[in-house]
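The values are calculated or read from the model by the stated rules, or taken from the named source; none is laboratory data. Only a predicted model underlies this, so the values are computations on that prediction, with no experimental measurement involved. So basically every Cβ, Gly included, is an ideal-geometry build from the backbone, and we count neighbours across all protein chains shown.
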């Protein structure tokens, strides 16, 4: 019997150039032939996955990367058509595509809209040209405005802008300016992420050598609090640690992750959470392609979760949401009261003022939000 497929994630691992902070699986400078072969392999994996799990129609689809819009318009349309053929879509489903300014054209956006894409996520990161250059981004401030105008002209009524704070050399004034320009565009959704410096990236190597001039913790906290205040005043509701939306525009796909519901990941390096198992696909393009071409699911690592691990995940993922964890839903799912299962851990978090309970939900306090990682470790 088919299980409702809550979400499909499709990884497009191509980019024009690797950014200095990027630790995602992506391969710059690939040929059109490599991209075309990858799209064929994606369709082959979809056929395998649909036949294996019979997941039913997709409620949400998310094309991430990399830079999905680096693919030619025809290839993007093929990938989206394959999702329709092998999985189907629930009426009114959310279909999102990540895009970088500088990689979208009027024609490409028109093709995406015709293929059913109704949500566009633009990787803006900053409106300061000096910071964009330092990050290794291929776009500049003016490209953001051009891409945004093209998206609106193509009929996109649900646009997200991604921003990063805590960048080397970034001041509070520069961050305020980026927030001001973002709000002026009036997107439906805004995501603000603190910079994570990963060790195998160019910035990670600079940091290890003591040569990366990052804002201190106090300034980063001030930037986060500034975003919360400014976006709230502009009518954006914070619903997750890093995510803000106008009413009715929360990202339904990402809510699947935070509510710890099942999802299938397709493509190189894509992760899945399905029927008590986690797995990740091969990251290497050749390994990935060879597996699906041979009729095998390209799963590199598979982990079967214990009941305790599933409960822990439900707690720390749910606490990312401002509304927190619904304790009754937790009890129905696991047949246990989270307050009893985690009595010792919660007692410590209550004493530290990091969590609170109200209206049947456990959630982070205002003090706990910027210290969320300290809370999450209690449930790992």
Inset, instruction - Can you confirm whether segment 257-265 contains a residue that is touching a helix residue (DSSP H, G or I) at 6+ places or on another chain (Cβ under 9 Å), crowded, with 16+ Cβ neighbours inside 10 Å, over 26 Å from residue 54 (Cβ atoms) and in contact (Cβ under 8 Å) with a residue 40 or more places away in the chain? - result: no
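Evaluate the following for residue 4: is it under 24 Å from residue 255 (Cβ atoms) and at pLDDT below 95?
Details: under 24 Å from residue 255 (Cβ atoms): yes; at pLDDT below 95: yes.
Yes; evaluated as a whole, the condition is true for this residue.
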Inset, instruction - Return a yes/no flag: does segment 310-324 have any residue that is in contact (Cβ under 8 Å) with a residue 60 or more places away in the chain, in a strand (DSSP E or B) and touching a strand residue (DSSP E or B) at 6+ places or on another chain (Cβ under 6 Å). - result: yes
Legend entry - segment 38-53, residues that are more than 25 Å from the chain's Cα centre (by Cα) and either under 16 Å from residue 269 (Cα atoms) or in contact (Cβ under 8 Å) with a residue 24 or more places away in the chain (or both): 52
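Scanning segment 142-180 for residues that are surrounded by fewer than 17 Cβ atoms within 10 Å (Cβ to Cβ) and closer than 14 Å to residue 122 by Cα, which turns out nearest to the chain's Cα centre (by Cα)?
We begin by selecting, within segment 142-180, every residue surrounded by fewer than 17 Cβ atoms within 10 Å (Cβ to Cβ); these are 142, 145-146, 149, 152-153, 155, 157, 169, 171-173, 176-177, 180.
From what is left, the residues that are closer than 14 Å to residue 122 by Cα are 142, 145-146, 149, 152, 157.
Numbers: 142: 25, 145: 22, 146: 23, 149: 23, 152: 22, 157: 19 Å.
For segment 142-180, the residue satisfying everything is 157.
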Legend entry - Qualifying positions in segment 186-215 - part of a loop (DSSP other than H, G, I, E, B) and either over 23 Å from the mean Cα position of the chain (by Cα) or free of Cβ contacts under 8 Å to residues at least 24 places away in the same chain (or both): 186, 199, 209, 210, 211, 212, 213, 214, 215
Inset, instruction - Name, by its number, the condition in (1) out of contact with any strand residue (DSSP E or B) (no Cβ under 7 Å at 6 or more places or on another chain); (2) within 23 Å of residue 264 (Cα to Cα); (3) surrounded by 18 or more Cβ atoms within 10 Å (Cβ to Cβ) that does not hold for residue 11. - result: (1)
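Taking helices (runs of 4 or more DSSP H) that fall entirely within segment 66-153, which contain at least 1 residues that are touching a strand residue (DSSP E or B) at 6+ places or on another chain (Cβ under 7 Å) and modelled with pLDDT under 95?
Working: elements: 73-86, 106-114, 129-135, 141-153.
Ranges flagged: 129-135.
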Legend entry - The lone exception for residue 183 - which of (1) part of a helix (DSSP H, G or I); (2) under 29 Å from residue 204 (Cα atoms); (3) touching a helix residue (DSSP H, G or I) at 6+ places or on another chain (Cβ under 8 Å) it fails: (2)
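Against the definition (in contact (Cβ under 8 Å) with a residue 12 or more places away in the chain and not assigned by TED's automatic domain parsing to the domain that holds residue 161), how does residue 278 come out, yes or no?
On the way: in contact (Cβ under 8 Å) with a residue 12 or more places away in the chain: yes; not assigned by TED's automatic domain parsing to the domain that holds residue 161: yes.
Considered against the rule, which asks whether it is in contact (Cβ under 8 Å) with a residue 12 or more places away in the chain and not assigned by TED's automatic domain parsing to the domain that holds residue 161, residue 278 comes out as yes.
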Legend entry - Failed condition for residue 114, given (1) surrounded by fewer than 19 Cβ atoms within 10 Å (Cβ to Cβ); (2) more than 17 Å from the chain's Cα centre (by Cα); (3) more than 19 Å from residue 13 (Cβ to Cβ); (4) touching a residue at least 40 places away in the same chain (Cβ under 8 Å): (4)
Inset, instruction - Output the number of the condition that residue 221 fails; it satisfies all remaining conditions of (1) in contact with a helix residue (DSSP H, G or I) (Cβ under 6 Å, 6 or more places away or on another chain); (2) surrounded by 19 or more Cβ atoms within 10 Å (Cβ to Cβ); (3) at negative phi. - result: (2)
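So if I check each of 343, 336, 293, which one is outside the structural domain of residue 23 (by TED's automatic domain parsing), touching a residue at least 60 places away in the same chain (Cβ under 8 Å) and either exposed (fewer than 15 other Cβ atoms within 10 Å of the Cβ) or over 24 Å from the mean Cα position of the chain (by Cα) (or both)? Walk me through how you get there before you give the answer.
Working: 343 fails: touching a residue at least 60 places away in the same chain (Cβ under 8 Å); 336 fails: touching a residue at least 60 places away in the same chain (Cβ under 8 Å).
Only one candidate qualifies: 293.
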Inset, instruction - Please give the number of the condition residue 215 fails out of (1) farther than 21 Å from residue 257 by Cβ; (2) touching a strand residue (DSSP E or B) at 6+ places or on another chain (Cβ under 9 Å); (3) at pLDDT 95 or above. - result: (3)
Legend entry - Those residues of segment 353-376 which are more than 12 Å from residue 320 (Cα to Cα) and either surrounded by 14 or more Cβ atoms within 10 Å (Cβ to Cβ) or not assigned by TED's automatic domain parsing to the domain that holds residue 323 (or both), in sequence order: 354, 356, 357, 361
